[in-house]
Amino acid sequence: MNIQEDSGKEISDTENSGVLSQPEFTSATALSTAANYIMNSSEPFTRTYRTYIRLRENGRLTLKFWHSNAVDSTWDLGAESRASEPGGAWSIEAAYIADGGTVPDGTVVSGSQVPVTFGGEASRLVEPGEQFWSDEALLELPEGHVLAFTWTLKAAAGKSIPFNVEGMLVSGYDAPGHLAAQESAAAFNESDKLLVLPSFLGYRAEVTKKLVFLGDSITQGVRTAKNEYAYWAARIAEGLGTGYGLWNIGSGWGRAYDVATDGAWLDKAKQGDELLIVLGVNDLDIGQRSAEELLADLTHIISEIKEARPETAVILSTVPPFNFEGARETAWRTVNAAILNSPPAGVDRVFDIAAVLSAPAPEEHRIRPEYMSDEFDPHPNGTAGKAVADAFLAWYGESGKSASSGRP
């Protein structure tokens, strides 16, 4: 399919499909919807997914959604899904936005559902690896209410729809069958490790700057409380105010070498005016990468960003502490020393997240116990999220932030 630019020049969907192709839209939420898994069913299926999302603004909203039908980051060792793996062929049977009320209980406010269309059509076939936009949709969302996004998806047997399999940070429900238009919770069950959403939930807004946060589960916010938006990316979005756009593309179990495959995840990272990179934990851990390999991957990512958009400001973070020991601890120290003292070419600024989260010397490789999700899990909790956000906002202000909140 081709479309016409205002100039009359014909361009392909692929050329017009990135988030930057619709600059008047910015991310409507701090929730990450990056994909790290893919549905792989032994039978064809039709299923409905309803998710409740706190938006950065309420009121009368013009919403628009963008989707990338590909896996962003590798899950575990890659047996089920790998970075840049294209999704299969599947279809959107119907999609709706609605007022989800104040309690995410599987229902929507009666009469509030608005259909989401694609080129004027209620349904859409999705090709492997395809990127595409929805049409605009208008919704009045009262203060204190959350958005309910509901869609019915249909797929054949085999690999089909990329999604996020980490612990749910927001409430979601799913049910067999074509129930997208249903307002009640009948037949829906609460979803577990099944976040099925478009890649970008956008709304029309004027912003001073668009930030993209690229990272793993620590950026995504995994292990923080459901529906509380207590992770640092969400707290930073709140602190910056709505004059700044923020797209969180943190993905559980993600690695720098996933981004360096030059696929869908790197394409997303290219979509901001400013990019914060917080990667390396999984490279050193499950990926068993050396310090030199990790630094090479970070260098490659930054080079690709700068080549695509030289004006993009790149903030590189130190690697968060994750209670590494032995060779992994040595590599962690080597990488962070390099980032702090001689960062890769193209880095505009360095944010030292490790300094916020680390225990006092000589235990800097360990996260402070009060910041751990539990006594065995070094994922940062909500308290850590506040500490990182406070430190970042203070640092960011001193490093050139031109406004703290509100519309420019």
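The values are calculated or read from the model by the stated rules, or taken from the named source; none is laboratory data. In this text, all values refer to a predicted model and were calculated from it rather than measured experimentally. FYI the Cβ positions are ideal-geometry reconstructions off the backbone, even for glycines, and counts take in every protein chain you see. Keep in mind that these areas ignore ligands, DNA and RNA; they rest on the heavy atoms of the full protein, side chains included. Shrake-Rupley method; radii C 1.70, N 1.55, O 1.52, S 1.80 Å.
Using the crude model of +1 on Lys and Arg Cβ and -1 on Asp and Glu Cβ, and no other charge, please compute the dipole size for the chain relative to its Cα centre, in debye to 20.
460
Looking only at the chain, where both bridge partners belong to it, what percent of the DSSP beta bridges are antiparallel (to the nearest 5)?
Working: 58 of 75 bridges.
So the antiparallel bridges in the chain amount to around 75 percent.
How long are the three semi-axes of the equivalent ellipsoid of segment 68-157, in whole Å, if each is the root of 5 times an eigenvalue of the C-alpha gyration tensor, listed from largest down? It would help to have the intermediate numbers written out before the result.
Values: eigenvalues 167, 62, 26 Å².
With the √(5λ) rule applied to segment 68-157, the semi-axes are 29, 18, 11 Å.
With θ set to phi - 60°, apply the Karplus curve 6.51 cos²θ - 1.76 cosθ + 1.60 along segment 209-217 and write out the HN-Hα couplings as whole Hz, x wherever there is a Gly or Pro.
Each residue of segment 209-217 in turn: 7, 10, 9, 10, 10, 10, x, 9, 5 Hz.
Expressed as a rounded percentage, what relative contact order does the chain have, with Cα pairs under 8 Å and six or more residues apart?
On the way: 1045 pairs, mean separation 75.3, N = 408.
It rounds to 18 percent for the chain.
Quick one: Cα convex hull volume of segment 4-151, Å³ per residue?
On the way: hull volume 20.9 nm³, N = 148.
Here the figure is 141 Å³ per residue.
When the Karplus curve 6.51 cos²θ - 1.76 cosθ + 1.60 is applied with θ = phi - 60°, which whole-Hz ³J(HN,Hα) does each residue of segment 298-308 get, with x for Gly and Pro?
For segment 298-308, the Karplus curve yields 4, 4, 5, 4, 5, 4, 5, 4, 5, 5, 6 Hz.
Using packing as a proxy for protection, rank 250-260, 209-219, 90-100 so that the peptide with the highest average count of other Cβ atoms within 10 Å comes first.
Working: 250-260: 27.1, 209-219: 25.4, 90-100: 22.0.
Ranking the peptides 250-260, 209-219, 90-100 by packing returns 250-260, 209-219, 90-100.
When only C-alpha pairs under 8 Å and at least 6 residues apart count, what is the relative contact order of segment 241-329, in percent?
Working: 83 pairs, mean separation 31.2, N = 89.
Rounded, it is 35 percent for segment 241-329.
Cross-link candidates for Lys209: which lysines have Cα within less than 30 Å, leaving aside residues fewer than 8 places away along the same chain?
Here the lysines satisfying the reach criterion relative to Lys209 are Lys9, Lys64, Lys226, Lys268, Lys270, Lys306, Lys386, Lys401.
By how many nm would the segment from Asp192 to Ser342 grow when fully extended, if each residue of separation counts as 0.36 nm and the alpha-carbon distance is taken off? Please report the intermediate quantities before stating the final value.
Working: separation 150, 0.36 × 150 = 54.00 nm, distance 4.25 nm.
Between Asp192 and Ser342, full extension yields 49.8 nm more.
Does anything in segment 221-257 have its amide N under 20 Å from the 7 Å Cα→Cβ label point of Ala185, and if so which residues?
So the set is 225-229.
Return an integer: the convex hull volume of the alpha-carbon atoms of segment 253-306, in Å³ per residue.
Numbers: hull volume 3.7 nm³, N = 54.
So the per-residue hull volume is 69 Å³.
For segment 288-408, with all protein chains present and a 1.4 Å probe, just round the carbon and sulfur fraction of the accessible area to a whole percent.
On the way: 2930 of 5720 Å².
It is 51 percent, rounded to a whole number.
Each residue of segment 379-395 in turn: what ³J(HN,Hα) in whole Hz from Karplus with 6.51, -1.76, 1.60 and θ = phi - 60°, glycine and Pro shown as x?
4, x, 8, x, 5, 5, x, 5, 4, 5, 4, 4, 5, 5, 4, 5, 5
Pairs of alpha-carbon atoms within less than 8 angstrom and 6+ residues apart define the contacts here; what relative contact order does segment 30-118 have, in percent? Present the calculation step by step, with values, prior to reporting the outcome.
Values: 85 pairs, mean separation 22.9, N = 89.
Result for segment 30-118 is 26 percent.
Quick one: which residues, 5 or more positions from Met39 or on another chain, have an amide H under 5 Å from its amide H? H modelled 1.01 Å from N in the peptide plane, none for Pro or chain starts.
Result for Met39 returns Ser160, Ile161, Phe163.
Skip the ligands, DNA and RNA, and give the accessible area per residue of segment 272-345 with a 1.4 Å probe, whole Å².
Working: 2790 Å² over 74 residues.
Value returned for segment 272-345: 38 Å² of accessible area per residue.
Evaluate the distance, in nm, between pseudo-label points positioned 7 Å from the Cα of Ala157 and of Ser123 along their respective Cα→Cβ axes.
Using points 7 Å along Cα→Cβ, the separation is 2.2 nm.
Between Gly221, Gly106, Gly280, which gets the highest mean-square fluctuation from a Gaussian network model of the chain, Cα cutoff 10 Å?
The residue with the greatest mean-square fluctuation here is Gly106.
Give me the three principal axis extents of the chain from the C-alpha atoms, as integers in angstrom, largest value leading.
Computed over the Cα atoms, the extents are 59, 50, 40 Å.
Stretch Asp377-Ser91 to full length: gain in nm at 0.36 nm per residue minus the Cα-Cα span? Kindly include the intermediate steps, with their values, before the conclusion.
Values: separation 286, 0.36 × 286 = 102.96 nm, distance 3.82 nm.
Contour length minus the Cα-Cα distance gives 99.1 nm.
Leaving out ligands and nucleic acids, and using a 1.4 Å probe, what accessible area per residue does segment 59-204 come to in Å²? Please report the intermediate quantities before stating the final value.
On the way: 5420 Å² over 146 residues.
Per residue, segment 59-204 has 37 Å² of solvent-accessible surface.
Could I have the simple spin-label model distance between Ser110 and Glu325, label points 7 Å from Cα toward Cβ, reported in nm to one decimal?
6.0
Which aspartates and glutamates have a Cα less than 13 Å from the Cα of Lys210, not counting those fewer than 8 places away in the same chain?
Hits, sequence-local ones excluded: Glu24, Asp273, Glu274, Glu311.
Protein chains only, probe 1.4 Å: how do Asp174, Asp76 rank by accessible area, largest first? Walk me through the intermediate numbers first.
Working: Asp174 15, Asp76 60 Å².
I get Asp76, Asp174, largest accessible area first.
Scan segment 299-334 for GluC sites (Glu not before Pro) in coil per DSSP, keeping those whose Cβ has at most 11 other Cβ atoms within 10 Å, and list them by number. List each step's numbers first, then the result.
Numbers: sites: Glu304, Glu307, Glu311, Glu325, Glu329; in loops: Glu311, Glu325.
Of the GluC sites (Glu not before Pro), the ones in loops of segment 299-334 whose Cβ has at most 11 other Cβ atoms within 10 Å are Glu311, Glu325.
Using a 1.4 Å probe on the protein chains only, how many percent of the accessible area of segment 68-133 belongs to carbon and sulfur?
Result for segment 68-133: 53 percent of the exposed heavy-atom area is carbon or sulfur.
Would you rank Lys226, Lys64 by solvent-accessible area, highest first, keeping every protein chain in place and using a 1.4 Å probe?
Values: Lys226 75, Lys64 25 Å².
Output order, biggest surface exposure first: Lys226, Lys64.
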